[in-house]
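> My structure is below; once you've seen it, I'll send some questions.
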Amino acid sequence: MANIITRRSILAAGAGAAALAAGGEALAQSQVQVASGVAAPTLPIENGATLRMLRPVRFVAPDEEVFRANCARFTQQTGVQVRVDFVGWEDINQQTAVTANTGAGPDIIVGFGDAPHIYADKLVEVSDIAEYLGRKYGGWMFVGNKLGKRHGTNNWIGLPFGGTAGPLVWRKSAVNQVGYQTPPNDLPGFLEMCKKLRQAGKPSGFALGNAVGDGNGFANWLMWSHGASITDEAGAVSVSSPQTLAALNYLKELYPTFVDGGTISWGDISNNQAYAANSLFVTSNGVSLYFALKNDPATRAIADDTEHSVMPLGVASSWPSAPLTLNAMVFRHSRFPNASKALLAFLMEQPQYEPWLNANLGYWAQPLNAYKDASVWSSDPKIALFRDSMNNQFWNGYKGPISEASGQANAEYVLVQMFAAVAAGQSTPEAAMREADRRARRIFRR
């Protein structure tokens with residue numbers, strides 16, 4: 001889905017422009033604290049600059065509308081034409097790889113989390129705009145720093161734009177029916193609750209298919225809540241461990257409590273559909289599910305009955321979740337690197353970013369500390385949990401460095417497929433662990 005923004009097309013961005021106008025009024029009462037006197041980097045825009053950007057399609061409509069309007073505002077102020085292509089989540093990694101490997105295509109790709117670490121040598125450093133934004137907007141949150149900087153350096157190769165976490169989403173009436181006020185925060189208690197829900201005809205369900213967000217998120221939670229990880233602190237593969245085996249055996253007990261038909265083939269939309277159809281009562285998802293239910297009169301009652309809470313911690317000391325993060329990259333093949341960086345910095349400045357953040361209704365959470373005071377986080381108590389998503393202390397590739405290999409292991413669904421093999425009865429936990437360890441070692445060797 002392409003959107004080419006020129007001076008002539010600015011007036012066509014109706015819904016987004018309206019949202020920006022409303023956002024502009026709200027900024028007058030904004031609680032966001034911005035440091036004064038912070039000098040912006042000098043970025044002389046190249047003559048004749050035009051830009052093409054690729055980014056994932058929205059999950060909530062205002063994301064796309066306000067993003068387009070913000071790009072239109074950049075065109076209005078600079079004269080730089082901007083083309084934005086919105087592509088499916090499953091396609092963004094493939095198109096990023098093609099762009100990196102061919103040295104042609106978009107100037108900017110807003111990809112997912114560790115993509116800049118996979119293609120670091122193909123990218124323009126963005127330290128100037130990242131450090132400027134950090135000074136002006138209260139510093140970068142943990143995940144922003146972790147995913148933006150090349151490992152072991154202070155060199156920014158990505159510009160994290162926002163992240164979405166996948167907390168536990170649950171029907172209060174169902175959980176109460178089987179004897180709980182809230183879902184247990186320990187693993188044995190959570191398993192017992194899921195068994196009772198299954199017996200009551202109110203099953204849970206979590207994605208075990210090759211789903212960019214939900215599949216990887218669930219597999220990572222299983223690992224981290226049991227103290228397992230794909231690599232150790234030094235970056236050595238650590239899949240084969242008693243902790244991984246414990247996670248696999250836990251899933252072996254948990255999976256039979258899932259919704260009929262299983263979740264082996266689920267993509268990122270599957271649990272949304274099942275939950276909205278009253279066939280699923282506990283899952284993990286971003287805030288988009290709640291707002292889709294809330295904004296549809298046919299499902300408003302489900303939204304009223306829905307709560308969010310942190311996934312069970314297990315042995316973890318904090319929420320074992322790595323937010324799925326939008327991470328912008330400027331490619332070296334671009335003839336207009338200054339215009340590219342100027343656009344990204346512009347999109348993260350308060351007049352553009354705060355209305356976009358508010359319009360997303362909590363689906364994307366900010367990577368810069370100042371935006372924690374945006375009005376969206378006090379708009380509905382059921383979404384307050386998402387505000388600090390970018391401060392979770394986990395990342396894809398945990399516990400080791402973020403690298404091309406850790407990103408590739410995530411993209412190849414090494415952990416997801418390990419758990420799916422056990423859930424489907426295709427492998428014993430021991431055999432699935434050995435195969436995942438073998439695959440991980442192959443990836444990290446190359």
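The values are calculated or read from the model by the stated rules, or taken from the named source; none is laboratory data. Since we're looking at a predicted model, the values are computed, not measured. For neighbour counting, all protein chains shown are included, and Cβ atoms are generated from backbone atoms with ideal geometry for every residue, glycine included. We work out accessible area using only protein heavy atoms, side chains counted, and drop any ligands, DNA or RNA first. Shrake-Rupley method; radii C 1.70, N 1.55, O 1.52, S 1.80 Å.
> All but one of (1) over 18 Å from the mean Cα position of the chain (by Cα); (2) in the same structural domain as L251 (by TED's automatic domain parsing) hold for N155; which doesn't?
(2)
> Another question, then. Out of curiosity, is T283 crowded, with 22+ Cβ neighbours inside 10 Å and part of a strand (DSSP E or B)?
Details: crowded, with 22+ Cβ neighbours inside 10 Å: yes; part of a strand (DSSP E or B): yes.
Against the criterion (crowded, with 22+ Cβ neighbours inside 10 Å and part of a strand (DSSP E or B)), T283 qualifies.
> Still on this structure: Just to check your reading of the model, which residue among A104, A72 is over 19 Å from P160 (Cα atoms), in contact (Cβ under 8 Å) with a residue 24 or more places away in the chain and either open to solvent by less than 10 Å² (accessible area, probe 1.4 Å) or aromatic (F, W, Y) (or both)? Give the derivation first.
On the way: A104 fails: either open to solvent by less than 10 Å² (accessible area, probe 1.4 Å) or aromatic (F, W, Y) (or both).
Sole residue among the options that is over 19 Å from P160 (Cα atoms), in contact (Cβ under 8 Å) with a residue 24 or more places away in the chain and either open to solvent by less than 10 Å² (accessible area, probe 1.4 Å) or aromatic (F, W, Y) (or both): A72.
> Might you check whether a residue that is of a type in the set (A, V, I, L, M), in the same structural domain as L54 (by TED's automatic domain parsing) and in a loop (DSSP other than H, G, I, E, B) occurs anywhere in segment 375-390?
No, segment 375-390 contains no residue that is of a type in the set (A, V, I, L, M), in the same structural domain as L54 (by TED's automatic domain parsing) and in a loop (DSSP other than H, G, I, E, B).
> With A420, A424 as the choices, which residue is open to solvent by less than 30 Å² (accessible area, probe 1.4 Å), in the same structural domain as S241 (by TED's automatic domain parsing), hydrophobic (A, V, I, L, M, F, W, C) and touching a residue at least 24 places away in the same chain (Cβ under 8 Å)? Outline the logic, then answer.
Details: A424 fails: open to solvent by less than 30 Å² (accessible area, probe 1.4 Å).
Result: A420 is the single residue among A420, A424 that is open to solvent by less than 30 Å² (accessible area, probe 1.4 Å), in the same structural domain as S241 (by TED's automatic domain parsing), hydrophobic (A, V, I, L, M, F, W, C) and touching a residue at least 24 places away in the same chain (Cβ under 8 Å).
> Examine segment 314-321 for a residue that is under 24 Å from N176 (Cβ atoms) and either at pLDDT 95 or above or crowded, with 19+ Cβ neighbours inside 10 Å (or both), and state whether such a residue exists. Let's see the steps before the verdict.
We begin by selecting, within segment 314-321, every residue under 24 Å from N176 (Cβ atoms); these are 314, 319.
Of the ones still in play, those that are also either at pLDDT 95 or above or crowded, with 19+ Cβ neighbours inside 10 Å (or both) are 314, 319.
Yes: one or more hits.
> Continuing with this model, one more query. Run down N360, N285, N272, N295 and say which single residue is assigned by TED's automatic domain parsing to the domain that holds P184 and more than 27 Å from Q199 (Cα to Cα). Walk me through how you get there before you give the answer.
On the way: N360 fails: assigned by TED's automatic domain parsing to the domain that holds P184; N285 fails: more than 27 Å from Q199 (Cα to Cα); N272 fails: more than 27 Å from Q199 (Cα to Cα).
Selected residue: N295, the only one of N360, N285, N272, N295 that is assigned by TED's automatic domain parsing to the domain that holds P184 and more than 27 Å from Q199 (Cα to Cα).
> Further question on the same structure: Could you list all residues from segment 135-145 that are open to solvent by 10 Å² or more (accessible area, probe 1.4 Å) and outside any loop (DSSP other than H, G, I, E, B)? Show your work before the answer.
Let us first name the residues in segment 135-145 that are open to solvent by 10 Å² or more (accessible area, probe 1.4 Å), namely 135-136, 138-140, 142, 145.
Selection gives R135, K136, W140, F142, N145.
> Can you confirm whether F112 is in the same structural domain as E349 (by TED's automatic domain parsing), open to solvent by 40 Å² or more (accessible area, probe 1.4 Å) and among the aromatic types (F, W, Y)?
Numbers: in the same structural domain as E349 (by TED's automatic domain parsing): yes; open to solvent by 40 Å² or more (accessible area, probe 1.4 Å): no; among the aromatic types (F, W, Y): yes.
The answer is no for F112.
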